[in-house]
Amino acid sequence: MNYLCLFERGKVHNIPEGFDSIDISPWRFNRRLSLLRKPLVSVINSDNPDNPTIYWGFRQLLSSRIYLFDQCMTNRLRVVEKGEVQKALGKLTQINGKNLVQHVLEQLENDQLIIDSEVLINTKSELKADKDIGDVDVLVIDQSSKTIYSLECKSMAPSRNIKEMVEEVNKLFGSDSKKGWIDKHIGRDEWLKNNLDQLGTKYKLDLSMYAVKSFFVTQEDMLTPYLKTRKLKLPFVSLPNIKEKGLTTFN
């Protein structure tokens, strides 16, 4: 009940313990103290202070349930940093990422293609690099066109406001102190182009004359590819594009 209730807090600018200024600002998005997040309203009962009156509505509870489910599945739920809920949300994000990879694999499945997933490139893997540069989520070798497709799959929720737009751009492009997801995949793209011999040994093929094409695959269309002020180093495609066009999406 405490988690789902809004309680009287005196003056509107009072910040309850465990919350911050974002949570009491009605113009802010994704507040923890909102009727969507807390659909029950507890009002002090002057006749019996230990038995407050709870105001609620069935439709509001239903809306809140849908909202909380969406917040959890898109990893938008604001919670205490490094707490148990955040750990659980992290696991959900990993599951969503794996599901996206699986969907891509299913859409591209073809007896004429060599398809692999989670192809590691580090100091100890079969594909050896001088440092750990991660893994290729989906690797496709098309012998008919002599093309290798390196796909980085990210199950990202589309931005809904300016703050989320900024966060999306920061994740993809990074900052002065941290590499973004795009640059990390560019690193794998460059490694593949410079180490076709290792890749050929792994898959028992002569790949010396093959071209490498790298792409960023998302669950839905994102804002970033449409920003005129940001030039993308590799193309973006969405899962619906792949479902519609298959491998020709990348041509």
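The values are calculated or read from the model by the stated rules, or taken from the named source; none is laboratory data. Quick caveat, the model's predicted, so the values are computed rather than measured. For neighbour counting, all protein chains shown are included, and Cβ atoms are generated from backbone atoms with ideal geometry for every residue, glycine included. Keep in mind that these areas ignore ligands, DNA and RNA; they rest on the heavy atoms of the full protein, side chains included. Shrake-Rupley method; radii C 1.70, N 1.55, O 1.52, S 1.80 Å.
Just a few scattered comments:
- Of all residues in region 217-251, those being under 21 Å from the mean Cα position of the chain (by Cα) and among the acidic types (Asp, Glu) number 2.
- Of all residues in region 103-130, those that are open to solvent by 50 Å² or more (accessible area, probe 1.4 Å) and not in a strand (DSSP E or B) total 11.
Yes or no, residue by residue, for (1) part of a loop (DSSP other than H, G, I, E, B); (2) surrounded by 17 or more Cβ atoms within 10 Å (Cβ to Cβ); (3) not polar (S, T, N, Q):
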site: Arg31; (1), (2), (3): yes, yes, yes
site: Asp50; (1), (2), (3): yes, no, yes
site: Asp70; (1), (2), (3): no, no, yes
site: Glu81; (1), (2), (3): yes, no, yes
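- Single residue of Ser214, Ser208, Ser175 found to be at pLDDT below 95, under 18 Å from Lys146 (Cα atoms) and either within 27 Å of the chain's Cα centre (by Cα) or open to solvent by 50 Å² or more (accessible area, probe 1.4 Å) (or both): Ser208
- Residue list for region 232-251, filter: closer than 23 Å to Lys171 by Cα and either free of Cβ contacts under 8 Å to residues at least 40 places away in the same chain or assigned to a loop (DSSP other than H, G, I, E, B) (or both): Leu232, Lys233, Leu234, Pro235, Phe236, Val237, Ser238, Pro240, Asn241
- A count restricted to region 7-29 and to residues that are within 17 Å of Leu77 (Cβ to Cβ) and surrounded by fewer than 17 Cβ atoms within 10 Å (Cβ to Cβ) stands at 6.
- Hey, Ser63 of a type in the set (Ser, Thr, Tyr), at pLDDT 90 or above and part of a loop (DSSP other than H, G, I, E, B) or not: no
- In the condition set (1) over 25 Å from the mean Cα position of the chain (by Cα); (2) without any contact (Cβ under 8 Å) to a residue 40 or more places away in the chain; (3) closer than 30 Å to Val136 by Cα, Ile114 is compliant with all but (2).
- Where a residue in region 211-229 is farther than 22 Å from Ser155 by Cβ and its partner, wherever it lies, is at pLDDT 90 or above and in a strand (DSSP E or B), with Cβ under 6 Å and at least six apart: Ala211/Thr147; Val212/Ile148
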